[in-house]
Amino acid sequence: MQDFLILIWCLFVSCAATWRDWFLVLVFGIFGSSMQATAIKKIVITGPESTGKTSLCQQLAEHFHTEWCPEYAREYLLKHGMNYSYDDLLTIAKGQIALEESQESVIAIRRPAEKQHHSLLFIDTDMYVMKVWCEFVFGKCHPFILEQIAKRKYDLYLFCGVDLPWVKDELREYPDLETREKLYHIYKNILINQPVPWVEISGSYEERLQKAIAAVSLHLKE
């Protein structure tokens, strides 16, 4: 019950759903896992900060007429500030998972079972991002995050490169190209050494969108 209440709260603070969405997630919580959409394809947009991940997530969801899961960290840091601790990152990781699962629930309830093989969920960040964040800032990672990396399953990664100009934002920390490139190689090394297919997305914003649409469309044909 506590996990379910956290899920509802995360959906509320994310401002990512309508009142109807909240009601749907409540129904899902009551009726349980029998309604879970195991056929939903989950596509993660990942990479260093200021690489257009959120915009790309929104655009892909609109193009494919589906849902997307925002980055929980943004809402959390806007509320609590940038003087975060190691334990804050664990809270953010749990909030991200709850938010992702809430969006899965919305898709599962909205779409008939026979159509769920067409369903997509675009996700703006995952536990690999939390792992990099923990290790880059604090030199260690919460066991919970590592456990979730092993447990959670995704279908495709879209890896955003650092060839876009850095855009100033109150939540962004690394404007210098050297650090951005270092993070880029950390993410790339992770993707190379994990089993899920991934595609690097580079170029202008429009080029990135077209490459991402092509990558997702190709993946759906496989």
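Laboratory data are not the source of any read-out in this text; all were calculated from the coordinates shown. Small disclaimer: the values here were computed from a predicted structure and weren't measured. Quick reminder, even Gly has a Cβ in these numbers, built from the backbone with ideal geometry, and neighbours come from all protein chains shown.
Here the spin labels are modelled as points 7 Å beyond Cα on the Cα-Cβ line, and at D88 and D163 they lie 3.4 nm apart.
Of the GluC sites (Glu not before Pro) found in the range 151-212, the ones in coil according to DSSP and having at most 12 other Cβ atoms within 10 Å of their Cβ are E170, E173. Note on R110 and K182: their simple-model spin labels are 4.1 nm apart, each label 7 Å out from Cα toward Cβ. Each of Y174, Y187 was scored by other Cβ atoms within 10 Å of its Cβ. Arranged with the fewest first, they read Y174, Y187.
Of the cross-linked pairs K151/K182; K79/K211; K140/K211, which ones have a Cα-Cα span greater than 32 Å in the structure shown? The answer is K79/K211; K140/K211. Ranked by how many other Cβ atoms sit within 10 Å of their own Cβ, fewest first, the residues L56, L183, L78 fall in the order L78, L183, L56.
Once the chain from V137 to L78 is taken as fully extended at 0.36 nm per residue, the excess over their C-alpha distance is 19.4 nm.
Each label was represented as a point 7 Å from its Cα along the Cα-to-Cβ direction; for E222 and L146 these points are 2.8 nm apart.
Order by neighbour count: K153, K211, fewest other Cβ atoms within 10 Å first, most last. Show your work: numbers first, answer last.
Values: K153 7, K211 17.
Ranked by crowding around the Cβ, least crowded first: K153, K211.
In terms of its C-alpha gyration tensor, the range 69-222 comes out oblate, because a/c is 1.5 or above while a/b does not outweigh b/c.
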